[in-house]
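Taking it in order: structure first as structure tokens, then the write-up.
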Amino acid sequence: MDLTSTSSGIAQMPVVDSSDTLADSLQCYSPTKKETWEYLAFKSVEEVENFYGDYALKSGFSIRILLKSRNNSQNQRTDKIHYLRYGCNKQGYKKGSLLDPKNKPKSESPVVVEFEKVKEKPEERVGCTAAIFLKLDETLNVFKIYKWDVPHCHPLHKPEHGCYLRSFRQVNEVQGQLAVINSKAGMSMRTSYEVMGQGVGGTDNLPFRFSDLKNYLMTNRQKEMLVGEATVIQDFFRNEALSKPSFYYDIQVDAAEDIASIFWADGIMQLDYALFGDVISFDTTYRTNNQYRPLAAFMGFDNHRTSVLFGAALLYDETAATFDWLFTTFLKCMSNKKPQSIYTDQATALLKSVPNIFEGVFHGLCSWHMAENAKKNLGSRANSAFFDELNILISHVETESDFDYNWDQMMKTCFDGRPTADFKWLVQTYRNRMHWSSAWVKNHFTAGLKTTQLSESFNAFLRHFLQPDHSLVIFFNHFNIMVQRMRDNHTELDFKAANTRAKNNYPNSQLMRSVVNKYTPTCFAFIHRQYDFSFKYFYEEVTPQVSAIDKVFKVFTIVHVDEPEEVDGVNYDDACNDGPSNRDVLDEEVAENLSPNFEKHDRLDERLVTIDIRAKRISCTCRMFENRGFLCRHIFKILEFLGGSVQYHGLKTIPAEYVLKRWCRDVRQSVKSTINVATEGATQAQRYQQICAVTVNLCTRVCADPEASQIFLNGVLEAGRKAEELLNSKGIHTVQSSVTPPKSSSVTPSKSCNTTAVSEASDAQKSTGPKFKKRPNPIRSKKRLKSDYELAREHQKFLIHRKRKQRGAEDLKGKESAD
């Protein structure tokens, strides 16, 4: 036992021996009086350590083991320990210490004195000779003291410093396991240390210091990593796949069979994608692990307009080949179901990979990244006037001709009429205009998404749980905690939606009453706001009518109405506060100025609303429903008008096809109730969920009777045998995971194997299994790419410097010729 880290039992003063006579004798010994301790006997080494440790703690010094010899008095090796020696922790000297008299200088010069080794760390060992000597009495089989050196050559510690003495500091098993649990829960070591201190009345009462807890956790992690980090991660995924049959993961390896990238998604992520996977936000973030691997996340909106995770990956790099592998793997995991829209940044690799894999899917570009790239590439020209013009192009143009006109206006206003070709970034941005301008975006369903802000918010949330110095093992543990926190937030929102009723300022409106209990509170707030705005609009029926069953209306306003940019930004409380409605405000606002015709007023936000009365099909030229999934104010204006007529009583409520299930409160329940495990369209996660629900209910019922339980168990085993035979006949593996190579020249082609076939780690310190492909730190090793503006400035400075140098050389020649 190394007493530099001995157990806390020393500090607790345990009983040395069960003998009452010996226990009484231990209480009355005196180290300076031989007659009081020469007859003391100890049955084991632990009793000796507890005895001398108790004495050292009371005296104020730490102890260390000086000798444990198995040689007997005849110097023969035996199985028993025959000689013990414990001494003061300050015994002896460190190698090269200036305090050691034997440490003589190499040089004889009185000026330059060189020693063998000099450390700047403060000295602790000062040559103290205090020690206790024991030997084994072979007759009685006990240890007896035959020498006790009491004097110290240094001051002893105060009683309040006893908790800092090294030999009495150790993290016991219970406290160590508590620290490990706290670490897995995302708690920092410092916080865990403080929490354990509060449990015993303060950290001073703990039998260890913070450094001891840190060393314990580091040692525990090193033991886990003896087999190699890659093997540990594969074991982690393998255990996840075995415990969660719907858990999916895929590993990309290179030519040397080192792990390059990893993708994973559990069953809940797959189920969420089946419900809300029509719009995806994809982005990468750095500084989440000590391998410098970017974390790629597939995000989306749930029915509460909060972030939901569909899958994640640790990538080796951000090349087009890596993204091709990632997107292909993602679709494979999601039963090849493609989204309707995907939003990314302007990375060249993504612009190449997304259309290649997500064929037929709208690829939107993040407007926030566009603004940031404009600052980098345009320099001082990216001012407030430019961003005002850019915002118009992003959100407020209706047609391609409007876009071209406003683009020309921007070039005249912000770039002095220079052509677009003069600016490389503008050329690329104009070429990709159909990915970010409202003239094209409004024709695709994006759920109101314009940026990758979902991913950015997720990254900010992620940094509360993940740190750059985390190993990949800690990363995955903390990542699971973070995902569970997101799901807990969603469950809480579900409870609040079920437990409360959204406030409706229009209780007499059948349009609002028909959806107040269908939409989630956040989504109903947006619908409520649109209905509220409709009272500021007017309508005109277009003549002649297209047909007897079709009606076309012009809907417009004569006052400015602020458009809420995103559903997320809607203040539900403001939309539902009691007070005068816009119907009353409108009467007060325009009654004085409104004439029977509207020729004297400018028509603002004029749209065409077309309604098929028989089929109940509604469309508006603003295309809000097609783009966001909500009916707009223009349609509400016409529905309110037509619903008041007996002839069109079928339009008193919002048609069911215009209430998307993805925004409803019961979206999960409705999907669960309609899943059929025998259908090909059901995902593995959905089948797993329904099978578990059925079997749990049956287990709960049949376990009340032993005979019924046995019948049920026999039936399950028989059904499992038949299902396994069917799976084997179809060649389907139970664990859905694989290792696949990337599509690049640097990896082996068509190299694939199952991760469960990884060989078990040997007892050796070095792992012979696969390793993670080394990735350099991009922040330290890569310089930031310079923009066109910065390169132009550097080139201009270079030309000026060269001219000055040439001019200086000419002046020097002129002076020499004059001389």
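Restricting region 500-514 to residues that are polar (S, T, N, Q), touching a residue at least 40 places away in the same chain (Cβ under 8 Å) and not in a helix (DSSP H, G or I), which is least open to solvent (accessible area, probe 1.4 Å)? First the steps, then the outcome.
Just the residues of region 500-514 that are polar (S, T, N, Q), to begin with: 500, 504-505, 508-510, 514.
Remaining after also requiring touching a residue at least 40 places away in the same chain (Cβ under 8 Å): 504-505, 509-510, 514.
Restricting the remaining residues to those that are not in a helix (DSSP H, G or I) gives 504-505, 509, 514.
Numbers: ASN504: 34, ASN505: 48, SER509: 12, SER514: 27 Å².
The residue in question is SER509.
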Close pairs from region 253-266: first without any contact (Cβ under 8 Å) to a residue 60 or more places away in the chain, partner of a type in the set (Val, Ile, Thr), Cβ under 7 Å, at least 6 apart: ILE262/ILE251
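Does GLY87 satisfy being under 30 Å from TYR216 (Cα atoms), at pLDDT below 85 and open to solvent by less than 30 Å² (accessible area, probe 1.4 Å)? Even if it seems obvious, please write down each step before you answer.
Values: under 30 Å from TYR216 (Cα atoms): yes; at pLDDT below 85: no; open to solvent by less than 30 Å² (accessible area, probe 1.4 Å): yes.
Spelling it out, it is not the case that GLY87 is under 30 Å from TYR216 (Cα atoms), at pLDDT below 85 and open to solvent by less than 30 Å² (accessible area, probe 1.4 Å).
Quick check on ALA693: is it surrounded by 13 or more Cβ atoms within 10 Å (Cβ to Cβ), modelled with pLDDT under 90 and of a type in the set (Gly, Ala, Ser)? Reasoning before the result, please.
On the way: surrounded by 13 or more Cβ atoms within 10 Å (Cβ to Cβ): no; modelled with pLDDT under 90: yes; of a type in the set (Gly, Ala, Ser): yes.
Spelling it out, it is not the case that ALA693 is surrounded by 13 or more Cβ atoms within 10 Å (Cβ to Cβ), modelled with pLDDT under 90 and of a type in the set (Gly, Ala, Ser).
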Single unsatisfied condition, ILE394 versus (1) open to solvent by 10 Å² or more (accessible area, probe 1.4 Å); (2) modelled with pLDDT under 85: (2)
Residues that are within 18 Å of MET434 (Cβ to Cβ) and among the hydrophobic types (A, V, I, L, M, F, W, C), drawn from region 375-396: LEU390, ILE392, LEU393, ILE394
Residue among ARG463, ARG418 that alone is modelled with pLDDT under 85, within 30 Å of the chain's Cα centre (by Cα) and open to solvent by 70 Å² or more (accessible area, probe 1.4 Å): ARG463
Where a residue in region 122-138 is within 10 Å of LEU84 (Cα to Cα) and its partner, wherever it lies, is aromatic (Phe, Trp, Tyr) and open to solvent by less than 10 Å² (accessible area, probe 1.4 Å), with Cβ under 7 Å and at least six apart: ILE132/TYR52; ILE132/TYR86
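Evaluate the following for ARG70: is it more than 29 Å from ASN172 (Cβ to Cβ), open to solvent by 30 Å² or more (accessible area, probe 1.4 Å) and modelled with pLDDT of 85 or more?
Details: more than 29 Å from ASN172 (Cβ to Cβ): no; open to solvent by 30 Å² or more (accessible area, probe 1.4 Å): yes; modelled with pLDDT of 85 or more: yes.
Against the criterion (more than 29 Å from ASN172 (Cβ to Cβ), open to solvent by 30 Å² or more (accessible area, probe 1.4 Å) and modelled with pLDDT of 85 or more), ARG70 does not qualify.
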Some residue of region 346-362 being under 29 Å from PRO521 (Cα atoms), among the polar types (S, T, N, Q) and touching a Leu at 6+ places or on another chain (Cβ under 8 Å): no
Only one of LEU315, LEU351, LEU393 that is in contact (Cβ under 8 Å) with a residue 24 or more places away in the chain and either of a type in the set (Asp, Glu) or under 27 Å from PHE476 (Cβ atoms) (or both): LEU315
Single residue of region 234-262 satisfying the filter (polar (S, T, N, Q) and within 20 Å of the chain's Cα centre (by Cα)) that is nearest to ALA313 (Cα to Cα): SER261
Conditions (1) assigned to a loop (DSSP other than H, G, I, E, B); (2) modelled with pLDDT under 65; number of the one not met by ILE732: (2)
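For region 54-67, name all the residues that are farther than 20 Å from VAL126 by Cα and open to solvent by less than 50 Å² (accessible area, probe 1.4 Å).
Start the filter on region 54-67 by keeping residues that are farther than 20 Å from VAL126 by Cα, which leaves 54-55, 58.
Passing the criteria: ASP54, TYR55.
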Odd one out for ASN383, checked against (1) under 30 Å from LEU309 (Cα atoms); (2) modelled with pLDDT under 85; (3) of a type in the set (S, T, N, Q): (1)
Checklist (1) free of Cβ contacts under 8 Å to residues at least 60 places away in the same chain; (2) out of contact with any His (no Cβ under 7 Å at 6 or more places or on another chain); (3) not hydroxyl-bearing (Ser, Thr, Tyr) applied to LYS424, failing item: (1)
Qualifying positions in region 161-186 - in contact with a helix residue (DSSP H, G or I) (Cβ under 8 Å, 6 or more places away or on another chain), under 26 Å from ASN89 (Cβ atoms) and either in a loop (DSSP other than H, G, I, E, B) or open to solvent by 70 Å² or more (accessible area, probe 1.4 Å) (or both): LEU165, ARG166, ARG169, GLN170, VAL171
LYS352 being more than 22 Å from the chain's Cα centre (by Cα), at pLDDT 90 or above, assigned to a helix (DSSP H, G or I) and of a type outside the set (A, V, I, L, M): yes
Single unsatisfied condition, ASN517 versus (1) assigned to a helix (DSSP H, G or I); (2) open to solvent by 80 Å² or more (accessible area, probe 1.4 Å): (1)
Given (1) modelled with pLDDT of 85 or more; (2) more than 30 Å from ALA447 (Cα to Cα), index of the condition TYR248 fails: (2)
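Looking only at region 288-298, decide whether some residue is more than 18 Å from the chain's Cα centre (by Cα) and in a loop (DSSP other than H, G, I, E, B).
As a first pass, look at region 288-298 and keep what is more than 18 Å from the chain's Cα centre (by Cα): none.
So far as region 288-298 goes, no, none of its residues is more than 18 Å from the chain's Cα centre (by Cα) and in a loop (DSSP other than H, G, I, E, B).
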Counted residues, region 187-220 - those being assigned to a helix (DSSP H, G or I), open to solvent by 60 Å² or more (accessible area, probe 1.4 Å) and among the hydrophobic types (A, V, I, L, M, F, W, C): 2
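The values are calculated or read from the model by the stated rules, or taken from the named source; none is laboratory data. Please read all numbers here as calculations on a predicted model, not as lab measurements. Note that each Cβ is placed from the backbone with ideal geometry, even for glycine, and that neighbours are counted across all protein chains shown. Heads up: the accessible areas ignore ligands, DNA and RNA and are worked out on the full protein's heavy atoms, side chains in. Shrake-Rupley method; radii C 1.70, N 1.55, O 1.52, S 1.80 Å.
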